[in-house]
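Okay, so here's the structure we're looking at.
The values are calculated or read from the model by the stated rules, or taken from the named source; none is laboratory data. Because the structure is predicted, anything quoted here is derived from the model rather than measured. Neighbour counts are summed over all protein chains in view; Cβ atoms, including those assigned to glycine, are modelled from backbone coordinates with ideal geometry.
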Amino acid sequence: MFGLKGSDFALFLVVAVLTLAAPFILNPFPETSSLAQFNGGYPDLMQRFVIFGIFAIGFNILFGLTGYLSFGHAAFLGVGSYAAIWMMKLLTMNVIPAIIMSVIIAGLFSLVVGWISLRRSGIYFSILTLAFAQMSYALAYSVLTPITGGETGLQPKLNDPRILDAAPEGGRIPQANLFGLDMGESRVWNVGDWAFTFNAGYYVAAVVMLVAFYLSIRIFRSPFGMMLRAVKSNQQRMNYTGLNSKPYTLAAFVISGMYAGLAGGLLVAMDTQVGPERMFWTASGEVVLMTILGGVGTLIGPVLGAGFIKYMENILSKINTTVLEGWFAFLPDGAADAVVAVLGLFVGKGWHLTLGLIFMIVVIFLPGGLVEGGRRMFRGRDRTATRKVKSGQTPPTSKPAE
Amino acid sequence: MAILQVRNVSKRFGGLQALNDVNLSVKEGTVHAIIGPNGAGKSTLLNCFVGRLDPDTGTVMFDGKSLLGIKPHEINQAGVSRVFQTPEIFGDLSLLENVMIPSFARRDGDFKVNWWPRTDNERDVKEHAEAVLQEIGLYEKRHELADSMSRGDKRRLEMAMCLSQDPKLLLLDEPTAGMSRADTNATIDLLKRLGETRGITKVVIEHDMHVVFSLADYVSVLAQGTVIAENTPEAIKGDQRVKEAYLGTEAE
């Protein structure tokens with residue numbers, strides 16, 4: 001179906017259904033219940049799920065297939081964002097030119113960075129990409145202020161040229177839109193105590209994510225994808241087999257850079273502002289965490305990892321000591337204080353601590369990430385299957401990596 | 001007619017003269033063995049054929065084209081495939097994929113972003129790879145991981161990878177090193193069979209005289225970086241200089 005093998009098509013279908021039904025799935029608790037704070041079904045967070053999903057899918061094409069670990073992919077996300085906001089300032093608030101330009105500019109930038117960084121492999125490659133990203137961050141902060149807005153960043157302003165749009169009415173800064181459909185527009189559907197929010201921006205981003213996911217499946221299952229896995233497996237043999245590994249790695253690098261640019265453009269489409277902090281090295285590190293947490297070299301892993309981390313970031317960080325005190329009020333005073341004091345370290349601002357612990361547990365006990373965890377649960381202790389999954393290969397006799 | 005012509009090749013590593021004015025001529029369709037004691041420069045010479053090393057002086061001509069100063073993948077595309085001393089395979093890919101990759105390299109050249117078609121649907125390449133695996137006797141294991149194979153099977157897989165490219169020249173670096181007697185004999189049989197069905201020119205570096213005398217049409221003896229004799233196996237057996245340099249202790 002659509003040129004996909006049966007099992008891949010099934011996976012794509014599951015992801016499509018889950019994505020489109022996300023406003024329901026992520027809002028399982030009624031608004032009135034005390035658990036409502038665990039609901040993830042609000043537009044801002046749902047948009048982040050799919051956008052960072054795209055970022056991680058692209059990153060996985062480079063890291064998962066070729067094994068080249070880039071520590072600077074946030075630079076491409078940031079460059080994509082700047083390109084998008086400039087299209088909105090100069091051309092139109094319609095998101096289409098912004099998104100297309102973000103992919104093109106990020107692609108060109110990654111071509112340059114990749115051309116230089118790929119002269120080295122292993123840790124030196126990682127350091128080179130990190131250096132490029134930090135340079136981009138520093139430049140955006142200082143020298144390039146006329147283009148990047150420096151510390152304050154960029155937003156659409158009333159006096160921007162926007163040559164394709166009509167003059168804004170009533171002195172309101174125009175909103176990002178898709179042919180008139182406002183990205184911020186939401187419909188809320190109240191069913192009993194539940195409130196489900198359907199946001200235009202989310203659905204635009206979700207459709208783009210599904211396209212990006214579909215293309216990544218095609219790449220994974222194509223001869224080109226096989227060559228990228230050959231790079232990871234044995235680059236020397238590849239060269240002595242008549243294949244030039246350099247352009248293969250560069251192509252993978254540029255493709256993943258374009259995915260990052262697409263994610264950056266979509267971030268701007270959803271929330272029309274950019275600042276240089278988007279390119280900071282922690283943002284590059286985050287996508288590495290997402291990919292490893294979800295499952296390196298698997299199709300769905302990066303999306304899961306991105307969703308997991310963004311959920312933690314947004315939900316866990318909202319829980320503060322007051323909330324905890326409410327939960328443990330039933331305990332005797334002293335005990336409640338002790339429990340709150342300990343748990344308080346892991347929530348709110350301390351959510352990174354929880355993330356770090358989970359990351360350590362996954363890397364040590366589930367090197368294949370969440371995907372491997374899911375597989376073990378479904379298949380019991382099928383050691384051979386998990387071994388094959390870890391290596392990212394797809395023997396037709398067993399199920400392919402999901 | 002000589003398909004591989006090596007003239008006056010010298011290579012120095014610091015104080016060591018690894019190759020000293022080596023001349024070698026490999027005739028098309030023959031099996032040419034290079035023998036010599038440890039450190040004689042056999043592997044260095046082979047590395048000069050595949051772009052891993054460039055000699056200090058001399059020329060290496062293959063099929064009328066110089067092999068010096070060009071990249072390993074260009075040399076392979078010109079028709080030279082190499083089997084390494086320790087098998088170089090794609091360990092975490094299946095056997096079928098291991099053979100499909102060189103088949104793609106033969107069909108599509110050294111680089112092609114062939115990202116839209118599904119690998120399963122590339123029938124011509126897949127069937128070609130399966131046929132080669134069949135020929136080499138690994139077809140039943142085609143979906144297993146290359147790393148899970150025995151050393152002998154890994155070596156055969158590497159040969160299958162090279163054969164799938166229909167090379168004009170196959171370089172084998174100690175194809176039976178570390179193998180049991182049974183595996184060695186199986187490899188000899190395989191190489192003989194391939195010689196009959198395909199007639200590929202082969203250059204074999206080998207320690208094991210049993211292998212050399214079973215396979216080779218010509219033998220070059222390398223000692224201390226110099227070719228001291230080049231002749232048929234029978235003549236080499238009787239050559240006094242060779243005996244002194246090498247065979248004296250190891251002849252059967």
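List of remarks:
- Check on residue B:207, part of a loop (DSSP other than H, G, I, E, B) and within 28 Å of residue A:219 (Cβ to Cβ): no
- The lone exception for residue B:182 - which of (1) in contact (Cβ under 8 Å) with a residue 24 or more places away in the chain; (2) away from every other protein chain (no Cβ under 12 Å); (3) over 17 Å from the mean Cα position of the chain (by Cα) it fails: (1)
- Selection status of residue A:166, at pLDDT 90 or above and either away from chain B (no Cβ under 14 Å) or within 30 Å of residue A:253 (Cβ to Cβ) (or both): no
- The helices (runs of 4 or more DSSP H) found entirely in region B:71-156 that carry 1 or more residues being among the hydrophobic types (A, V, I, L, M, F, W, C), crowded, with 17+ Cβ neighbours inside 10 Å and within 7 Å of chain A (Cβ to nearest Cβ) are B:95-108.
- Restricting region B:87-121 to residues that are among the charged types (D, E, K, R) and in contact (Cβ under 8 Å) with a residue 24 or more places away in the chain, the residue that is nearest to residue B:157 (Cα to Cα): B:88
- Considered as a group, the residues in region B:48-70 that are hydrophobic (A, V, I, L, M, F, W, C) and within 15 Å of the chain's Cα centre (by Cα) include one that is nearest to the other protein chains (Cβ to nearest Cβ), and that residue is B:50.
- Qualifying residues in region A:244-273 (those that are more than 13 Å from chain B (Cβ to nearest Cβ) and not in a helix (DSSP H, G or I)) - the one surrounded by the fewest Cβ atoms within 10 Å (Cβ to Cβ): A:273
- Scanning region A:163-193 for residues that are of a type outside the set (A, V, I, L, M, F, W, C) and either part of a strand (DSSP E or B) or in contact with a Ser or Thr (Cβ under 6 Å, 6 or more places away or on another chain) (or both) turns up A:165, A:177, A:182, A:186, A:187, A:190, A:193.
- Qualifying residue in region A:200-212 (condition: within 14 Å of chain B (Cβ to nearest Cβ), part of a helix (DSSP H, G or I), at pLDDT 95 or above and touching a Ser or Thr at 6+ places or on another chain (Cβ under 9 Å)): no
- Count - residues of region A:213-238 that are within 23 Å of residue A:17 (Cβ to Cβ) and either small (Gly, Ala, Ser) or in a helix (DSSP H, G or I) (or both): 8
Matching residues to (1) among the aliphatic types (A, V, I, L, M); (2) surrounded by fewer than 24 Cβ atoms within 10 Å (Cβ to Cβ):
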| position | (1), (2) |
| --- | --- |
| A:28 | no, yes |
| A:43 | no, yes |
| A:63 | no, no |
| A:70 | no, no |
| A:73 | no, no |
| A:81 | no, no |
| A:91 | yes, yes |
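- Residue among A:241, A:291 that alone is crowded, with 24+ Cβ neighbours inside 10 Å and within 11 Å of another protein chain (Cβ to nearest Cβ): A:241
- Cβ pairs under 8 Å, 6+ apart, first in region A:155-167 and in contact (Cβ under 8 Å) with a residue 40 or more places away in the chain and loosely packed, with under 15 Cβ neighbours inside 10 Å, second polar (S, T, N, Q) and assigned to a loop (DSSP other than H, G, I, E, B): A:163/A:92; A:164/A:92
- Odd one out for residue A:395, checked against (1) modelled with pLDDT of 85 or more; (2) within 14 Å of chain B (Cβ to nearest Cβ): (1)
- Residues within region A:295-321 that are surrounded by 23 or more Cβ atoms within 10 Å (Cβ to Cβ) and hydroxyl-bearing (Ser, Thr, Tyr), tallied: 1
- Hits in region A:14-26 - residues which are surrounded by 13 or more Cβ atoms within 10 Å (Cβ to Cβ) and under 19 Å from residue A:208 (Cβ atoms): A:15, A:16, A:18, A:19, A:20, A:22, A:23, A:26
- Of all residues in region A:96-140, those being under 13 Å from residue A:79 (Cα atoms) and among the aromatic types (Phe, Trp, Tyr) number 3.
- On the stretch given as region B:16-47, residues that are more than 14 Å from the chain's Cα centre (by Cα) and of a type in the set (Ser, Thr, Tyr) total 1.
- Residue check for residue B:198: touching a residue at least 60 places away in the same chain (Cβ under 8 Å), within 29 Å of residue B:28 (Cα to Cα) and either assigned by TED's automatic domain parsing to the domain that holds residue B:211 or not aliphatic (A, V, I, L, M) (or both): no
- Subset of region A:286-297 [part of a helix (DSSP H, G or I) and in contact with a Leu (Cβ under 9 Å, 6 or more places away or on another chain)]: A:287, A:288, A:289, A:290, A:293, A:294
- Subset of region A:205-238 that is out of contact with any helix residue (DSSP H, G or I) (no Cβ under 7 Å at 6 or more places or on another chain) and not basic (Lys, Arg) - its residue that is surrounded by the most Cβ atoms within 10 Å (Cβ to Cβ): A:220
- Selection status of residue A:230, more than 14 Å from chain B (Cβ to nearest Cβ) and modelled with pLDDT of 95 or more: no
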